[in-house]
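I have placed the structure first, in the form of structure tokens, so that the comments after it can refer back to it.
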Amino acid sequence: MANGQQIIEQFESFAPKKFAFEGDPIGLQIGTLNKDVKRVLVTLDVLESVVDEAIEKKIDLIIAHHPPIFSKLAQVNDQSAAGRIVMKCIKHEIAVYAAHTNLDVAEGGVNDLMADALGLTNTRVLVPSFENTVYKLAVFVPEEAVERVSDALGRAGAGHIGAYSDCQFHSTGTGQFKATTGAKPYVGQTGQIERVNEVRIETVVTELNHKQVIRAMKKVHPYEEVAYDLIRQEITAPPLGLGRIGSLEEAMPLKAFAEHVRTAFAVENLRFVGDENRLVRKIAVLGGDGNKYVSTAAFAGADVLVTGDLYFHVAHDAMALGLAVIDPGHHVESVMKQGVVNLLAERFTKQNIRGVELIVSTTNTNPFQFL
């Protein structure tokens, strides 16, 4: 049986809190993670109707993209929707955890999922916000444990260089140590110098994954005290941040691409700005409200920006910049529901976490209807 802390640890392995923008109210908002969790509901929003769904489905933990509590509550009672949400969650022992801008920034998060839905290729970050520092990790391993340590490093995400994974360098040598009083050495005797044939495994990790890699390494390493080096490198991994920019396989008229967006996100209607006959191929996408990044998309060379909540005067600014904009609404971020379930399921399998059911919320939280 997994507990809430274990589940959120796996979630934060791809969407850590440090990715979030300053002031963003992320993390545990209601309840406790110090409990067994059998069912997790993944949702875009935490409305009262979503909480009712969670109660009906006997959910223990809700993971949401939009935090239900954006500002301090003056009181918690049944006279407000926010109060009723908190009261129902506490009464039914449902914890609520929110991941907002950190899930926007994360690899495989909201913006990557949106880019994938549109079929974009050769994508990169539109608005860099987090430098993913690269480190060299070197660990000394007795010969008989090399295979399991090497495998654990790769499974935890070490060794990614460009399009290659599991990159390592192995060199042999002699390790020396003397166990002192109180030690429980894997080999040798207390108080005696011991020399062991060892292999130095070198690989690369990043700011994002080095802690989980080291934990995985220590878990399978036979030594009581693991000798390893973690050295910051001058190179950096590609930056992380908001939005993505990439290309379509082939150029198409703007109106046809707008139809493609409508189909890809299963929306009833959308708005677009620009000449419907203009051919477009280079596409920027930014989940949520992307009004601040119209000029960023234009200067990055995008033909089109796909984003939500477009303002009237910002649409004029986009026209002046020669940038087409397609607004399918804020709710298209709901692509994150199935995406998060898939990412967690993959990590649960790798970490042998069983007995947890991951459920996509079926409650429609889009406030808009169309005539």
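The values are calculated or read from the model by the stated rules, or taken from the named source; none is laboratory data. Keep in mind it's a predicted model, so treat the numbers as computed, not measured. Methodologically, a virtual Cβ is constructed for each residue, glycine included, from the backbone with ideal geometry; neighbour enumeration extends over all protein chains shown. To get the accessible areas, we keep the full protein, side chains included, count just its heavy atoms, and leave off ligands, DNA and RNA. Shrake-Rupley method; radii C 1.70, N 1.55, O 1.52, S 1.80 Å.
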By average C-beta atoms within 10 angstrom, highest first, the peptides 32-42, 217-227, 46-56: 46-56, 32-42, 217-227
So the carbon and sulfur contribution to the accessible area of the chain, 1.4 Å probe, in percent, is 50
For segment 1-61, with the dipole built from +1 on Lys and Arg beta-carbon atoms and -1 on Asp and Glu ones, taken about the Cα centre, which of SER49, SER13, ILE26 lies farthest toward the positive end? SER13
Given the peptides 114-124, 267-277, arrange them by the average over their residues of other C-beta atoms within 10 Å, most packed first. 114-124, 267-277
Degrees between helix 81-91 axis and first principal axis of the chain (Cα, 0 to 90, nearest 10): 30
Pick the calculated mean projected area of the Cα convex hull in nm² for this structure from (i) 21.7; (ii) 17.0; (iii) 23.0? (iii)
Which value, in Å², gives the accessible area per residue of segment 68-156 when a 1.4 Å probe is used on the protein heavy atoms? 46
Per residue of segment 170-184, in order, report the coupling 6.51 cos²θ - 1.76 cosθ + 1.60 (Karplus, θ = phi - 60°) as ³J(HN,Hα) in whole Hz, putting x for Gly and Pro. 10, 9, 9, x, 10, x, 10, 6, 9, 6, 9, 4, x, 7, 10
Can you give me the relative contact order of the chain as a percent, contacts being Cα pairs under 8 Å and 6 or more apart? 20
Per DSSP H run of n ≥ 4, the term is -39500 (n - 2.57); total these for the chain, divide by its residue number, and report the mean residue ellipticity at 222 nm rounded to 500 deg cm²/dmol. -8000 deg cm²/dmol
Which log10 I(q)/I(0) values, to two decimals, does segment 144-195 give at q = 0.21, 0.28, 0.32 Å⁻¹ under the Debye formula with one point per Cα? -0.82, -1.02, -1.16
With Cβ to Cβ distances under 12 Å as the rule, what net charge do the other residues near ASP303 carry (K, R +1; D, E -1)? +2
Note the angle between two axes, namely the Cα long axis of helix 146-155 and the longest principal axis of the Cα atoms of the chain, as a number of degrees from 0 to 90, rounded to the nearest 10. 10
Would you mind telling me which residue in SER80, SER13, SER361 has the biggest mean-square fluctuation in a Gaussian network model of the chain, where springs connect alpha carbons within a distance under 10 angstrom? SER80
For the chain, the longest principal axis of the Cα atoms and the Cα long axis of helix 312-321 enclose an angle in degrees, to the nearest 10, of 80
Of GLY157, GLY241, GLY287, which is the most mobile in a GNM of the chain whose springs link Cα atoms less than 10 angstrom apart? GLY157
Over segment 1-95, what is the relative contact order in percent, taking alpha-carbon pairs closer than 8 angstrom and at least six residues apart? 31
Hey, what's segment 321-362 come to in accessible area per residue, 1.4 Å probe, Å²? 44
